[in-house]
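Worksheet for the structure shown next.
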Amino acid sequence: MKHYPDLRKKIKNALTEIAQPNCFRVTAKTCVGASGLMTTNVSKCATLDSNPVTLQDMGKVIKFGNNNNIYKIIGISINPGGIGTDDINTTNNNCGCDSSMWSGLNNWIGNWTNNGAFQNLNNNPNQPCNHICQRKQLWTSQYPNVGPIWANKLICKLEEVENQIQINGCNC
């Protein structure tokens, strides 16, 4: 019977990693707009609500410290050099449009995508992208300063902005 010392060593290392808590780093995507990534401090171990982060935390909606933006965890990676903790917190906020909170959403989308900026494209070749990008900037800047109902409407609008950026090939 052959011995496989490399395989045994790999299995032993894997079991040790499972048995011992790892230090992880979290990457999260902002819930507003398509861009905006945040990560926990590379020199520290990420904790969520003061508990070590685990792979089961993937997809949770969080906040980073005093940052008012809402994020969704999109990546968790081992951070072997981490010392100390970088705490993030779960939040009950939605990450994405909750259409049940805005009964007029489909009407708004229809009206917005049929306004003048989306029409007569031969007369104004910079449209609708200029309009779409301006609205993205405006609604993203308003988001941190509004209450939860208006914040949800802004998230819904920004999701449609991202949809229109893709449809129209805009570069915002």
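The values are calculated or read from the model by the stated rules, or taken from the named source; none is laboratory data. Nothing here was measured: the structure is a model prediction, and the numbers come from that model. Every residue, glycine as well, gets a Cβ built from its backbone with ideal geometry; the counts of neighbours run over all protein chains shown.
List of remarks:
- Taking first residues from segment 98-117 that are surrounded by 10 or more Cβ atoms within 10 Å (Cβ to Cβ) and partners that are among the hydrophobic types (A, V, I, L, M, F, W, C), the Cβ contacts under 7 Å between residues at least 6 apart in sequence or on separate chains come to Ser99/Leu105; Ser99/Cys156; Met101/Ile149; Trp102/Cys156; Leu105/Cys156.
- For segment 96-115, the candidate set comprises residues that are at pLDDT below 90 and assigned to a loop (DSSP other than H, G, I, E, B); within that set, the residue that is nearest to the chain's Cα centre (by Cα) is Gly96.
- Taking segment 141-172 as the range and being surrounded by fewer than 18 Cβ atoms within 10 Å (Cβ to Cβ) and of a type in the set (Ser, Thr, Tyr) as the test, only Ser141 passes.
- Considering each residue of segment 45-67 in turn, none proves to be buried (at least 17 other Cβ atoms within 10 Å of the Cβ), modelled with pLDDT of 90 or more, under 27 Å from Asn171 (Cα atoms) and of a type in the set (Val, Ile, Thr).
- Residue within segment 38-51 that is basic (Lys, Arg), assigned to a loop (DSSP other than H, G, I, E, B) and under 13 Å from the mean Cα position of the chain (by Cα) present: no
- Residue list for segment 76-95, restricted to those being in contact with a helix residue (DSSP H, G or I) (Cβ under 7 Å, 6 or more places away or on another chain) and outside any loop (DSSP other than H, G, I, E, B): Ile76
- Those residues of segment 59-82 which are in contact with a Lys or Arg (Cβ under 9 Å, 6 or more places away or on another chain) and either assigned by TED's automatic domain parsing to the domain that holds Cys133 or under 30 Å from Cys156 (Cβ atoms) (or both), in sequence order: Gly59, Lys60, Val61, Ile62, Asn69, Ile70, Tyr71, Lys72, Ile73, Ile74, Gly75, Ile76
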